[in-house]
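Read the structure below first, then the notes.
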Amino acid sequence: MSENRFVTSSFCIGGECVAVAAPEDGVVVRSTVNGAEVSFTDVEWAAFVAGVRNGEFDVERLRG
């Protein structure tokens, strides 16, 4: 992957988080622990963010 400017949430405590970058062709999510990366299209990312904002991915809900 090319060099991307990754951003980590200000809520990240202890360094075990994900970092996100948005190159021209989508969104890349990287583990701050092992550096593994996963890429998403803009449409996929928008759907995920909408679900997060709606509470669909809260841990309690996923495990319930």
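The values are calculated or read from the model by the stated rules, or taken from the named source; none is laboratory data. Bear in mind that the values here come from a model prediction, so they are computed numbers and not experimental data. Ideal geometry is used to build each Cβ from the backbone, glycine not excepted, and the neighbour counts take in all protein chains shown. Accessible surface areas use protein heavy atoms only, side chains included; no ligands, DNA or RNA. Shrake-Rupley method; radii C 1.70, N 1.55, O 1.52, S 1.80 Å.
Entry comment: accessible area of the chain is 81 Å² per residue, from protein heavy atoms only and a probe of 1.4 Å.
Remark: spin-label model distance residue 59-residue 11 equals 1.1 nm, labels positioned 7 Å along the Cα→Cβ axis. Simple rule: put +1 on each Lys or Arg Cβ and -1 on each Asp or Glu Cβ in the chain, find the dipole, and look at 43, 28, 64; the Cα lying farthest toward the positive end is 64.
Across 60, 37, the residue with the most accessible area heads the list, and the full order at a 1.4 Å probe is 60, 37. Rolling a 1.4 Å probe over the protein heavy atoms leaves residue 40 with an accessible area of roughly 70 Å². For the pair residue 48 and residue 3, label points projected 7 Å from Cα toward Cβ lie 2.4 nm apart.
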